[in-house]
1. Could you list, ordered by first residue, the pairs with Cβ atoms under 6 Å in which the first is in the stretch 95-112 and over 13 Å from Thr66 (Cα atoms) and the second is part of a helix (DSSP H, G or I) and polar (S, T, N, Q), at least 6 apart or interchain?
2. Among the residues of the stretch 68-80, are any over 20 Å from Asp102 (Cβ atoms), loosely packed, with under 15 Cβ neighbours inside 10 Å and among the hydrophobic types (A, V, I, L, M, F, W, C)?
3. Evaluate the following for Leu62: is it at pLDDT 65 or above, surrounded by fewer than 14 Cβ atoms within 10 Å (Cβ to Cβ) and within 19 Å of Ala107 (Cα to Cα)?
4. Is at least one residue of the stretch 26-40 modelled with pLDDT of 95 or more, closer than 18 Å to Ser118 by Cβ and part of a helix (DSSP H, G or I)?
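The values are calculated or read from the model by the stated rules, or taken from the named source; none is laboratory data. The shown structure was predicted, so the numbers you read here are calculated from the model rather than taken from an experiment. Every residue, glycine as well, gets a Cβ built from its backbone with ideal geometry; the counts of neighbours run over all protein chains shown.
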Amino acid sequence: MNLRQKFARLPSGDLRMIRREVPMVSTGSVPALFQSPDVVEDQAVAVVRRLGGDVTSRQHILGQYTIQFAKYRGQTFYWVVENALGFCAYIVYDMRKEARVDTPLSANKFALKECVNSFPQGSFYKEMINYLLYIHV
């Protein structure tokens with residue numbers, strides 16, 4: 001398995017924000033409580049190691065974090081970035097004035113933001129949100 005995210009593009013060259021066939025994780029299939037940031041990190045490192053990835057690469061490790069909130073809870077950041085880029089854009093944009101607090105949810109959201117922003121394509125979210133705000137006004 002390749003540990004690098006692939007950014008799907010439309011024929012126009014624009015980033016594809018979501019794939020139509022994106023399945024959501026059933027809330028019954030994931031734990032009800034948030035996992036601690038240390039547990040999420042340890043699990044991600046173990047997956048990267050198992051897949052033969054570079055455990056010193058922050059991108060590889062963040063890609064294997066599991067999202068702890070919202071409709072894609074239980075999916076890896078890698079999966080969410082590849083399959084629901086619009087969701088990532090919304091979360092990152094929505095966090096623009098959010099302060100980090102000492103909770104598992106906050107740690108997970110800021111890790112997702114770090115993951116998205118670690119790619120040159122990560123800055124797209126500002127443009128996408130501005131466009132969405134423009135067409136809904």
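1. Short answer, once both residue conditions are applied: Arg100/Ser106.
2. No: the stretch 68-80 contains no residue that is over 20 Å from Asp102 (Cβ atoms), loosely packed, with under 15 Cβ neighbours inside 10 Å and among the hydrophobic types (A, V, I, L, M, F, W, C).
3. No: the conditions fail for Leu62.
4. yes
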